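Notes follow the structure.
The values are calculated or read from the model by the stated rules, or taken from the named source; none is laboratory data. Keep in mind the model is a prediction, meaning the values are calculated, not measured. FYI the Cβ positions are ideal-geometry reconstructions off the backbone, even for glycines, and counts take in every protein chain you see. Only protein heavy atoms, including side chains, enter the accessible area calculation; ligands, DNA and RNA are left aside. Shrake-Rupley method; radii C 1.70, N 1.55, O 1.52, S 1.80 Å.
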Amino acid sequence: MKHNKGKTEGSKKRKNDFLTSLKLTIALLLLLAAVSIIGTLLPQNLTEGEYLRHYDTASYNMLKTLGVFDLYHSWWFILLLFLLCINLLACSIKNVSRTLKILTQVNPLLTDDQIKNLTLKTRIDKKISLNDAREKIVRILKKDFPSPQENSENGIRHFFCEKARYSRLGFFITHISVLIILIGGLMGTFWGLKGNVEIPEGASIHQVRLPNGLMFDLGFMVRCDDFNVAYYPNGAPKDYKSSLTIFDDGKEVLTKIIEVNHPLKYKGFAFYQESFGEAADQRGEITLRVRKKRSKEPGREFHVNLGESFTLPTTGLRIKVNRFFPDFILDENGTVMNRSFALHNPALELLIFKGDELQTQTWVFQKFPDFHGSKGEYQFLIQDIGTKVYTGLQVTKDPGVNVVWAGCILMILGILSTFFFSHQQVWIRTKTVGNNLELVMAGTARKNRIGFEKVFERLKAEIENI
Amino acid sequence: MVSSRILSVVTFVYLLSTFLYICYLAFRSKVIGNLATMVTLSGLIGQIAAFILRWKESYALGYGHIPLSNQFESMVFFALVIIFIYLVIEYKVKIKTLGAFVTPVASILLALTTLTDSFSNEIQPLVPALQSNWLTYHVITCFIGYAAFAVSFGVSIIYLIATVALKERQGILPDEGVLDDVNYKAIAIGFPMLTIGIITGAAWANYAWGSYWSWDPKETWSLITWFFYAAFLHARYTHGWRGKKAAILSIVGFVAVIFTYFGVNYLLTGLHSYA
Ligand code: HEM
């Protein structure tokens, strides 16, 4: 019985040791690294068709079952991350008491036990009284350490000073920060979303398209007031800017100009400038100049929308802008066609009415204003076709993102404090023996021991000379 | 451009430093050692001048930005930081032999940028996604990290040479303990910088693309490198993996760094391939 009990306790302990062991940590970190490599070598998240071009069906099915086509979301990758979390959590819990000790327990008295464990130590005998020595010792210690302490016990006086005690929390903070970042990432995966939407200038939307094709209702309206592209002199794009206005509950709430790297945020949603394009079937206002053929007069400008008409004063003529082709061509049979949505050869079809009766039908071309084929006694010059562009937005919602940033800031603080600060402690114990003062000096540093040794040697030399 | 001409001179200055450091290794002459340091320092000053000039030249062209935006500029900056970190370590540890192994890395990097046509040294305007202060922080911290890992790599090579090949010939190369300490110190600079580099990169991605992490190959490789060095630090702490084991791990780690930097751009595809 006794034997048995010992065994179960032993295996229980071993299990705990396993979860908190650094061996497991190292194995998990290396495994995660190795497995991540696979994901960078095999293209991720392609469509089935694309994969089948490279693999036969059997190997495709096998690889798909293994999850390597979406490796970073496969159950076993997540399992590895989860194990790392458990390992970290177990290790952190185990370290809580040690961390608390570091925070609260100061040892200002130099005991014989401590002396035994410290590597940097020395004994100095000086013909000086404690009272004379005290001030000098404190002054010397003050040069390297803030606020040295003095304590007396059983007639023995102890001096103690230390630096960067809290840097020893760094590793604990670093470990906790890894957990916080992973929690933030999970929150994003479960409660976040990512979608896209295109909004023509002047139009509003209240839904975005999710990657699975479904529409998601934002619960408010977004209008694209205006979109602009600026170019460098060499023609490369410099800036994409959209002015967006949010309407919530029918009220205008806010307007912001977004550009790449400067998103708009509202109610947890962020709108990123992603792309743009021309909405070729949704034209804006058209400006036409109309003048008499062979006349010297400049004529008159009219603004009109596609499908609408305007009247030429004093003539009784009504002109309807019937159709718009951004890329007008004639095919081999002589019928008019639109070749593309790009503005290669913009053309308008005009219907000219006298009263209610159609008088003429004609095509006018922006790039060929003097085209002879146009009929009638008036010449129509296309000054401007207010092309309507759309802005392409990426819309995201990630309630975990601030948790991730908090974790990142903690991680930076934790890592900087472990690597760039070192907890240093120096003790001096003094005892009066006859006319002499016996000084025992000892010190320790958490990091950069070689550097600290030099500091210790210098202090020692100064103390020897008091 | 003046800055490019200065850079080609600097390439040769670093080659000269390599030559001097090797002479120092052979003859142990203090004069040669000091000369080597002076030459390297003047090379560094020249390179910093070229960096600032290029920055100014970009403003003269009408699209001013810090010269850290393409493969050419980042390689030049990489060389600069390697030399800078090396000189700091030389000053602190007072060992000059490392120079013979570190300066050639910088001159090779610079020579690659000037002698081959694969990297355009033209100053290009920044596409909108690259116009972000986060990018500047990201590139600077990453390259300080990479350069620190490069130093740890150099020290580890020397360590292996010193312990394996030159065991009988004591005194030519620095003491093993010192090399091991420098190796750890370099990683203790590199790891925090890589961490900050990854985090600032995530912040930039979040502003530019709306997600801080998308498992793009470059991101993933930087994380692989990070996992690896984290494992290294813990192995050193518990198993006391010092000396030869630590040297080998540093060399493997640097291979991951090089792959993160070059390999991903040329062998894999992703958001980061600058083109
Ligand atoms: C991604 C995960 C982890 C990261 C980024 C990380 C990071 C760090 C860093 C930066 C240090 C300081 C290293 C040094 O001073 O040289 C450290 C120390 C340490 N880590 Fe981790 N760690 C991780 C996981 C773990 C886990 C899971 C454990 C638990 C078994 C663990 C146990 C320790 C211990 C015991 C130390 C030494 C603490 C001390 O200096 O007293 N680490 N870690």
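Descriptive notes on the structure:
- Checked against the criterion of being of a type in the set (Val, Ile, Thr), more than 11 Å from chain B (Cβ to nearest Cβ) and in contact with a Ser or Thr (Cβ under 8 Å, 6 or more places away or on another chain), segment A:441-450 contains one or more residues that satisfy it.
- Inside segment A:162-201, residues that are out of contact with any Ser or Thr (no Cβ under 7 Å at 6 or more places or on another chain), within 14 Å of another protein chain (Cβ to nearest Cβ) and closer than 30 Å to A:LEU109 by Cα make up a count of 2.
- None of A:LEU317, A:LEU312, A:LEU330, A:LEU264 is hydrophobic (A, V, I, L, M, F, W, C) and within 14 Å of chain B (Cβ to nearest Cβ) except A:LEU264.
- Among all positions in segment A:234-246, there is no residue which is over 24 Å from B:THR136 (Cβ atoms) and within 9 Å of another protein chain (Cβ to nearest Cβ).
- Residue match in segment A:202-210 (condition: within 14 Å of chain B (Cβ to nearest Cβ), buried (at least 19 other Cβ atoms within 10 Å of the Cβ) and closer than 30 Å to B:ALA230 by Cβ): no
- When segment B:205-234 is filtered for residues that are farther than 30 Å from B:GLN131 by Cβ and more than 10 Å from the ligand (Cβ to nearest atom), only B:PHE228 remains.
- Residue-level analysis places A:GLU438 outside the set of residues that are within 48 Å of the chain's Cα centre (by Cα) and open to solvent by 20 Å² or more (accessible area, probe 1.4 Å).
- Residue check for A:PHE452: open to solvent by less than 10 Å² (accessible area, probe 1.4 Å) and either within 16 Å of the ligand (Cβ to nearest atom) or at pLDDT below 85 (or both): yes
- Selection count where residues are surrounded by fewer than 20 Cβ atoms within 10 Å (Cβ to Cβ), within 21 Å of B:LEU223 (Cα to Cα) and either more than 16 Å from the ligand (Cβ to nearest atom) or at pLDDT below 90 (or both), scope segment A:173-200: 2
- Residue-level check: of (1) of a type outside the set (Val, Ile, Thr); (2) more than 16 Å from the ligand (Cβ to nearest atom); (3) touching a Cys at 6+ places or on another chain (Cβ under 9 Å), A:ASP384 misses just (3).
- Any chance B:LEU61 is surrounded by 14 or more Cβ atoms within 10 Å (Cβ to Cβ) and either in contact with a helix residue (DSSP H, G or I) (Cβ under 8 Å, 6 or more places away or on another chain) or not assigned by TED's automatic domain parsing to the domain that holds B:THR113 (or both): no
- Spans of strands (runs of 3 or more DSSP E) in segment A:381-465 with at least 2 residues of a type in the set (Lys, Arg): A:424-433
- Selection status of A:GLN114, more than 14 Å from chain B (Cβ to nearest Cβ), within 16 Å of the ligand (Cβ to nearest atom) and over 32 Å from the mean Cα position of the chain (by Cα): no
- Of the residues making up segment A:42-69, those that are in a helix (DSSP H, G or I) and open to solvent by 60 Å² or more (accessible area, probe 1.4 Å) are A:GLU48, A:GLU50, A:LEU52, A:ARG53, A:HIS54, A:THR57, A:ALA58, A:ASN61, A:MET62, A:LYS64, A:THR65, A:LEU66.
- Of the residues A:TYR55, A:TYR60, A:TYR51, the single one that is touching an Asp or Glu at 6+ places or on another chain (Cβ under 9 Å) and away from the ligand (no atom under 16 Å from the Cβ) is A:TYR60.
- Residue match in segment B:82-105 (condition: open to solvent by less than 60 Å² (accessible area, probe 1.4 Å), out of contact with any helix residue (DSSP H, G or I) (no Cβ under 8 Å at 6 or more places or on another chain), at pLDDT 80 or above and within 14 Å of chain A (Cβ to nearest Cβ)): no
- For beta carbons closer than 8 Å, sequence separation of 6+ or different chains, a first residue in segment A:175-188 that is farther than 19 Å from A:THR20 by Cα and a second that is near the ligand (Cβ under 9 Å from one of its atoms) and in a helix (DSSP H, G or I), the qualifying pairs are A:ILE181/A:MET411.
- Residue check for B:ALA202: in the same structural domain as B:ILE248 (by TED's automatic domain parsing) and within 16 Å of the ligand (Cβ to nearest atom): yes
- Given (1) in a strand (DSSP E or B); (2) crowded, with 18+ Cβ neighbours inside 10 Å; (3) at pLDDT below 85; (4) among the charged types (D, E, K, R), number of the condition A:ARG283 does not satisfy: (1)
- The condition of being at pLDDT 90 or above, open to solvent by 20 Å² or more (accessible area, probe 1.4 Å) and away from every other protein chain (no Cβ under 14 Å) holds for only one of A:PHE371, A:PHE353, that being A:PHE353.
Yes or no, residue by residue, for (1) farther than 22 Å from A:LYS194 by Cα; (2) more than 9 Å from every other protein chain (Cβ to nearest Cβ); (3) modelled with pLDDT of 85 or more; (4) touching a helix residue (DSSP H, G or I) at 6+ places or on another chain (Cβ under 6 Å):
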{"site": "B:ILE189", "(1), (2), (3), (4)": "yes, no, yes, yes"}
{"site": "B:ALA202", "(1), (2), (3), (4)": "no, no, yes, no"}
{"site": "B:LEU249", "(1), (2), (3), (4)": "yes, yes, yes, yes"}
{"site": "B:PHE254", "(1), (2), (3), (4)": "yes, yes, yes, yes"}
{"site": "B:THR269", "(1), (2), (3), (4)": "yes, no, no, no"}
{"site": "B:ALA275", "(1), (2), (3), (4)": "yes, yes, no, no"}
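- Scanning segment A:92-109 for residues that are within 25 Å of A:LYS121 (Cα to Cα) and in contact (Cβ under 8 Å) with a residue 12 or more places away in the chain, we see that the one that is surrounded by the most Cβ atoms within 10 Å (Cβ to Cβ) is A:ILE102.
- Of all residues in segment B:217-230, those that are open to solvent by 10 Å² or more (accessible area, probe 1.4 Å) and more than 7 Å from chain A (Cβ to nearest Cβ) total 4.
- When residues of segment A:387-417 are limited to those that are open to solvent by 10 Å² or more (accessible area, probe 1.4 Å), more than 16 Å from the chain's Cα centre (by Cα) and more than 15 Å from the ligand (Cβ to nearest atom), the one farthest from A:VAL260 (Cα to Cα): A:THR387
- Residue that is farthest from the ligand (Cβ to nearest atom), among those in segment A:77-91 that are within 14 Å of chain B (Cβ to nearest Cβ) and touching a residue at least 24 places away in the same chain (Cβ under 8 Å): A:PHE77
- Note on segment B:235-244: residues that are open to solvent by less than 20 Å² (accessible area, probe 1.4 Å) and more than 7 Å from the ligand (Cβ to nearest atom) amount to 2.
- Index of the failed condition, A:GLY39 passing every other in (1) open to solvent by 90 Å² or more (accessible area, probe 1.4 Å); (2) at pLDDT 85 or above: (1)
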